[in-house]
Amino acid sequence: MEQIYKLVIAELKNYTVLKIQLANLEERQRAGFANLFPNSREMNEESRLKVQQMERAIEQSLDPLEREVIEKKFLSNHDPTDLEVYMELGIKKAKYYEKKREALARIATALGMI
């Protein structure tokens, strides 16, 4: 199960970048600019689908506290420690780790990884 958690965490970190890339692409398309920056790789349908499925897994499969744990731990602009996250949320260490583990398992299940 630890391997699955590591895969989910890697996908969560990649998700934030893909989500930004998709938003930037859509903004450029609305503005009528194909490429503002040189790139070596276009966003493909697989990446778009990944963003949609990750978003759905986070928004629809997690309870509010699980979602907050995931957002603060893995989807923030910095890399907070677990201690920082559970202190910020004002929850006990055991509750934090339980919610984090449950959230990763729910996301893995929603994505068909387990």
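Observations on the model:
- For I114, residues with placed amide H under 5 Å, excluding near neighbours: T109
- Between the beta carbons of E45 and K93, assuming R0 = 35 Å, the FRET efficiency works out to 0.25 to the nearest 0.05.
- Pairs of lysine residues in the chain that meet both criteria, 8 or more places apart or on different chains and Cα atoms under 18 Å apart, total 23.
- Dipole moment magnitude, nearest 20 debye, the chain about Cα centre, only Lys, Arg, Asp, Glu C-beta charged: 100
- Computed from backbone phi, the HN-Hα couplings of region 6-13 come to 5, 5, 4, 4, 4, 5, 4, 5 Hz, rounded to whole numbers (Karplus: 6.51 cos²θ - 1.76 cosθ + 1.60, θ = phi - 60°; Gly and Pro given as x).
- Modelled FRET efficiency - R0 22 Å, H78 with E55, Cβ distances, 0.05 increments: 0.55
- A value for Kirkwood radius over Cα pairs in Å was derived from the coordinates, and within the list [x] 15.4; [y] 23.4; [z] 14.2 it appears as [x].
- From phi via Karplus (6.51, -1.76, 1.60), per-residue ³J(HN,Hα) for region 82-89 in Hz, x at Gly/Pro: 4, 4, 4, 5, 6, 5, 4, 6
Every number in this text was worked out from the coordinates using simple rules, so none of it is lab data. The model shown is predicted, which means the values in this text are computed figures rather than measured ones. We place every Cβ from the backbone using ideal geometry, glycine too, and count neighbours over all the protein chains shown.
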